[in-house]
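Here's the structure, in structure tokens; my notes come after.
The values are calculated or read from the model by the stated rules, or taken from the named source; none is laboratory data. No experiment lies behind these values; they were computed from the predicted model shown. Cβ placement follows ideal geometry from the backbone for every residue including glycine, while neighbour counts extend to all protein chains displayed.
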Amino acid sequence: MTLYRARVLDTPDDAWPDDGDGLRAGDDVGLVVDDGVITERGPFADVRATHPGEAVIDLRDGWLLPGLVDTHVHYPQVRVIGALGMPLLEWLDRCALPEEQRLAAPAYAAEVASEFVGSLVAAGTTTALVFGSHYPGAVDALFTEAARFGLRVTSGLVVSDRVLPEPLLVTPEQAHADAVALAQRWHGTGRARYAVTPRFSLSAGDAMLESCGGVLADVPDAWFTSHVNENPAEVAEVARLFPDCDHYVDSYDRFGLLSQRAVLAHDVHPMDAELACLAARGTAVAHCPSSNSALGSGLFPLRRHLEHGVQVALGSDVGAGTGFSMFKEGLHAYFVQGLLGADGVALTPGRLLHLATRAGALALGLGDEVGDLSVGRQFDAVCLRPPGGTALDIGLRHADSPEEALGKIFALAGDADVADVWVGGDQISSGGLSRPLRRPA
Ligand SMILES: O=c1[nH]c(=O)c2nc[nH]c2[nH]1
Ligand SMILES: [Zn+2]
């Protein structure tokens, strides 16, 4: 067992009551971690009293938060972050899709997988729903690299059978066979899970979406992810391609793809009927604010999602999104809700932390395992320790309350401040330097 002493911020409770945001702050908390799981939590003096002889790891020079959860991030796009000035379909054509074709080469894919996983760890992201590659070998490379660090990654083969460049296309039969083979290798192996992943219904016809349903039927408890309602030109094209569908969400729903094990990214331009459908299916939405701004996709209607009872979490959407930091995504979400005026939702620091941790865990069906630092959860955590003299260091030293400190963290924290990272009790980054597990989880 290990006994930690720390200042802890987390959000185990409902983040949306009228009179609060669920932030739990402990100034001097004792956490006992046994076999990767938090077995005791309380005021340090109390926990210490029951373990008088135990060595203490004192983290009070930093701030301990739950590991961050990214519910939408593209592995093959780590090298194209920062291509600004284009709307979605032009950006896909000119930036994302040419790069994604390079992952056909195994050596290239292995390098990108290493860069991608290293970037997640550096950002303090311990759980992610990852948009994979169009190439099975590249998806293997991702799962292999994630296992080296023990990251909780849900991912899969990206499939398309129309519209995209020919090297990214596959037949529905081949897509099914490749997906099932990958799922047999990875679904439930260590912390990996498989996600059925048509790129978007714009690039997947009826037969391909049917084959996705076939994979879900063949792989018990597999996940589903795709894109929806990101950009008006995309939405119009999907409506043209699916004349019999009521709306974009229906293009997935009529193939039985939506459930509590599904996450759709963006949903910037939903109809009320689509929100009602998502709520009825229990399907979550990954809100990707920096991507929505970078591509000019629009201002996310969070209030309408919450009013309809749709679960929302945060995604970085790298590489349209502008980096891996979930703090930056939280800040961007806050900006956007502010810009919406009366239509926006007041995102307090506690709600931002909830969106970046617990909401992601819930969206990914991992709410009993990760997302906060309660007894019974896995010890997935980040310790922030900003370098001395930086604005964040100064701000945190002068913060008058935990809320104020958390606001400064969302305003200012970046990779340089993420000092230590643990997954399931294993420390995978120390002093900002990542280190793989000796034995993959
Ligand atoms: O932001 C996005 N990034 C992508 O790679 C993509 N593919 C389809 N739709 C998409 N949206
Ligand atoms: Zn995306």
Q: Return yes when Ser211 is within 15 Å of ligand 1 (Cβ to nearest atom), buried (at least 23 other Cβ atoms within 10 Å of the Cβ) and either among the polar types (S, T, N, Q) or under 21 Å from Ala280 (Cβ atoms) (or both) and no when it is not.
A: no
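Take segment 385-418 and flag every residue that is part of a loop (DSSP other than H, G, I, E, B), at negative phi and surrounded by fewer than 23 Cβ atoms within 10 Å (Cβ to Cβ). I'd like the intermediate steps shown before the answer.
Of segment 385-418, the ones part of a loop (DSSP other than H, G, I, E, B) are 385-390, 398-401, 413-414.
Keeping just the survivors that are at negative phi gives 385-388, 390, 398-401, 413-414.
If the condition is that a residue be part of a loop (DSSP other than H, G, I, E, B), at negative phi and surrounded by fewer than 23 Cβ atoms within 10 Å (Cβ to Cβ), then Arg385, Pro387, Gly388, Thr390, His398, Ala399, Asp400, Ser401, Gly414 are the ones that fit.
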Over segment 1-24, the set of residues crowded, with 20+ Cβ neighbours inside 10 Å, in contact with a Pro (Cβ under 7 Å, 6 or more places away or on another chain) and not aliphatic (A, V, I, L, M) is Asp10
Of (1) in contact with a strand residue (DSSP E or B) (Cβ under 7 Å, 6 or more places away or on another chain); (2) part of a helix (DSSP H, G or I); (3) under 21 Å from Ala320 (Cα atoms), Val249 fails just (3)
Note: among Asp343, Asp372, just one is more than 20 Å from the chain's Cα centre (by Cα) and either among the acidic types (Asp, Glu) or within 16 Å of ligand 1 (Cβ to nearest atom) (or both), namely Asp343
| query | Quick one: would you say Phe300 is crowded, with 22+ Cβ neighbours inside 10 Å, modelled with pLDDT of 95 or more and of a type in the set (Phe, Trp, Tyr)? | reply | yes
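Quick check on my filter: what residues within segment 186-207 are more than 16 Å from ligand 2 (Cβ to nearest atom), assigned to a helix (DSSP H, G or I) and touching a strand residue (DSSP E or B) at 6+ places or on another chain (Cβ under 9 Å)? Working first, answer last.
The first filter runs over segment 186-207 and keeps only residues more than 16 Å from ligand 2 (Cβ to nearest atom), leaving 186-194, 205-207.
Narrowing further to those that are assigned to a helix (DSSP H, G or I): 186, 206-207.
Passing the criteria: only Trp186.
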Out of all the residues in segment 362-384, is one or more more than 19 Å from Val37 (Cα to Cα) and surrounded by fewer than 17 Cβ atoms within 10 Å (Cβ to Cβ)? no
* To do: Determine if segment 215-223 includes at least one residue that is away from ligand 1 (no atom under 15 Å from the Cβ), surrounded by 15 or more Cβ atoms within 10 Å (Cβ to Cβ), part of a strand (DSSP E or B) and not aliphatic (A, V, I, L, M).
  => yes
TODO: Inspect segment 139-151 for any residue being under 16 Å from Thr225 (Cβ atoms) and either charged (D, E, K, R) or within 16 Å of ligand 1 (Cβ to nearest atom) (or both) and give the result as yes or no.
DONE: yes
* To do: Answer with yes or no whether Ala399 is modelled with pLDDT under 95 and not acidic (Asp, Glu).
  => no
The residue that is farthest from Val159 (Cα to Cα), considering only those in segment 217-235 that are away from ligand 2 (no atom under 16 Å from the Cβ) and under 21 Å from the mean Cα position of the chain (by Cα), is Asp221
Here the qualifying pairs (Cβ atoms under 6 Å; residues six or more apart or on different chains; first in segment 71-95 and hydroxyl-bearing (Ser, Thr, Tyr); second in a helix (DSSP H, G or I) and away from ligand 2 (no atom under 13 Å from the Cβ)) come out as Thr71/Gly360; Thr71/Ala363; Tyr75/Phe116; Tyr75/Leu142
Counting only helices (runs of 4 or more DSSP H) wholly inside segment 257-338, the ones holding at least 2 residues that are in contact with a Ser or Thr (Cβ under 9 Å, 6 or more places away or on another chain), within 16 Å of ligand 2 (Cβ to nearest atom) and not aromatic (Phe, Trp, Tyr) are 289-294
When every residue in segment 25-73 that is closer than 18 Å to Leu353 by Cα and among the small types (Gly, Ala, Ser) is compared, the one surrounded by the most Cβ atoms within 10 Å (Cβ to Cβ) is Gly67
Taking segment 110-133 and keeping only residues that are touching a Ser or Thr at 6+ places or on another chain (Cβ under 9 Å), free of Cβ contacts under 8 Å to residues at least 60 places away in the same chain and in a helix (DSSP H, G or I), one is left with Ala110, Val112, Ala113, Val117
Problem - Test: Ser316 is closer than 21 Å to Ala122 by Cα, within 16 Å of ligand 1 (Cβ to nearest atom) and of a type outside the set (Phe, Trp, Tyr) - result: yes
How many residues of segment 99-109 are in contact (Cβ under 8 Å) with a residue 40 or more places away in the chain, more than 16 Å from ligand 2 (Cβ to nearest atom) and not polar (S, T, N, Q)? The answer is 1
